[in-house]
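Scroll down for the structure; my scribbles are underneath it.
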Amino acid sequence: MRRRSLALRLLLALLLLPPPLPQTLLGAPCPEPCSCRPDGALRCPGPRAGLSRLSLTYLPIKVIPSQAFRGLNEVVKIEISQSDSLEKIEANAFDNLLNLSEILIQNTKNLVYIEPGAFTNLPRLKYLSICNTGIRKLPDVTKIFSSEFNFILEICDNLHITTVPANAFQGMNNESITLKLYGNGFEEIQSHAFNGTTLISLELKENAHLKKMHNDAFRGARGPSLPSYGLESIQTLIATSSYSLKKLPSREKFTNLLDATLTYPSHCCAFRNLPTKEIFHFPFLKTFLNNVKAQQGDQIMKHCNVLFPHPPPSFLSILSPSLTFHITLFATMWLSSHPQESTSG
């Protein structure tokens with residue numbers, strides 16, 4: 001009887017235990033060849049023949065230490081995501097991985113610190129994405145030294161990064177680059193921020209708190225025509241949902257601009273009242289000449305605090321496809337000979 005009573009008590013105790021946590025909450029086991037050490041650090045030693053992609057999700061580790069991936073010479077892609085435990089990436093964590101072409105660090109909201117020099121000597125790196133983290137400073141990418149054409153850096157949805165400092169991207173790549181810097185907490189872009197870069201594309205949309213872009217932010221940047229400030233080579237400008245960025249650089253900086261997608265109707269003021277003699281100095285004026293009719297012109301220009309006279313002696317037309325403040329700006333000659341057409345829907 002005693003044995004039966006003891007067995008019943010044990011069975012009851014087991015039934016009262018809470019259910020096991022899902023695997024996503026416990027943290028997935030470290031995939032080969034990695035190990036999650038008791039000190040909270042990740043180690044993925046190599047070499048490992050045939051291993052080309054490393055996906056690390058839901059890891060229970062706090063630190064990616066220096067030389068964490070040492071010897072993984074065949075790996076071309078490393079993805080770190082969905083980790084609530086990760087807090088820090090140390091210097092030289094991604095070091096001397098000569099075939100690595102992609103690094104993705106995403107959805108790690110407790111990652112607050114990426115040490116300077118975390119990304120070093122990665123000559124084949126083509127794509128680095130750091131999105132939806134808790135970091136408070138723009139990551140140091142100046143020691144990557146990639147030789148790949150059209151290197152893509154994506155820094156997005158990092159709400160605690162407030163500043164793009166001087167020389168932030170110098171040394172990242174010695175060829176052309178695309179910068180996707182959207183949805184962050186940027187408040188200021190400092191002088192010489194883009195120094196040392198050859199920009200193909202720059203995306204600054206959805207930086208809702210961006211208030212100041214220094215006049216010399218593009219000083220030292222280069223493009224196909226080797227401009228002194230960098231803006232001269234830009235053909236596409238996207239600055240949507242940047243509600244605090246109310247003033248753009250002067251129109252003289254955008255000599256090759258073809259298309260601009262902007263937040264504020266007031267942004268059009270940078271391009272208003274162009275003298276006739278300046279038309280052919282701006283390729284986008286010539287390209288779209290007579291192709292776009294003005295819609296809601298007076299209504300939009302009220303936001304500029306400038307009402308064009310009637311008929312408006314301007315070469316600016318605005319196409320507003322919706323009631324939002326996301327407008328697509330096209331430049332064309334005002335159809336002065338057909339004022340009734342230019343004001344019709």
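The values are calculated or read from the model by the stated rules, or taken from the named source; none is laboratory data. What you see is a predicted model; the values in this text were computed from it and never measured. Cβ coordinates were reconstructed from backbone atoms using ideal geometry, including for glycine residues, and neighbour counts include every protein chain displayed.
Restricting the first residue to segment 153-172 and requiring it to be in contact (Cβ under 8 Å) with a residue 24 or more places away in the chain and not assigned by TED's automatic domain parsing to the domain that holds Pro116, which pairs with a second residue that is surrounded by fewer than 23 Cβ atoms within 10 Å (Cβ to Cβ) and not in a loop (DSSP other than H, G, I, E, B) meet a Cβ separation below 9 Å and a spacing of at least six or different chains?
Here the result reads none, with nothing in segment 153-172 linked to a residue that is surrounded by fewer than 23 Cβ atoms within 10 Å (Cβ to Cβ) and not in a loop (DSSP other than H, G, I, E, B).
Name the strands (runs of 3 or more DSSP E) wholly within segment 123-183 that hold at least 2 residues that are at pLDDT below 95 and in contact with a strand residue (DSSP E or B) (Cβ under 7 Å, 6 or more places away or on another chain)? Break it down stepwise before answering.
Details: elements: 127-133, 151-156, 176-182.
In segment 123-183, 176-182 are the strands (runs of 3 or more DSSP E) which contain 2 or more residues that are at pLDDT below 95 and in contact with a strand residue (DSSP E or B) (Cβ under 7 Å, 6 or more places away or on another chain).
Which of the residues that make up segment 191-218 are more than 15 Å from the chain's Cα centre (by Cα) and closer than 20 Å to Lys143 by Cβ?
His192, Asn195, Gly196, Thr197, Thr198
Only one of these conditions is not met by Leu202: (1) more than 23 Å from Asn110 (Cα to Cα); (2) assigned to a loop (DSSP other than H, G, I, E, B); (3) not aromatic (Phe, Trp, Tyr). Which number is it?
(2)
Out of (1) at pLDDT below 85; (2) touching a His at 6+ places or on another chain (Cβ under 9 Å), what's the single condition that is false for Val112?
Of the numbered conditions (1) at pLDDT below 85; (2) touching a His at 6+ places or on another chain (Cβ under 9 Å), the odd one out for Val112 is (1).
State all residues of segment 185-199 that are out of contact with any Asp or Glu (no Cβ under 7 Å at 6 or more places or on another chain) and part of a loop (DSSP other than H, G, I, E, B); if no residue qualifies, say none. Steps first, please.
Of segment 185-199, the ones out of contact with any Asp or Glu (no Cβ under 7 Å at 6 or more places or on another chain) are 185-190, 193-197, 199.
Those that are out of contact with any Asp or Glu (no Cβ under 7 Å at 6 or more places or on another chain) and part of a loop (DSSP other than H, G, I, E, B): Gly185, Phe186, Glu187, Gln190, Ala193, Phe194, Asn195, Gly196, Thr197.
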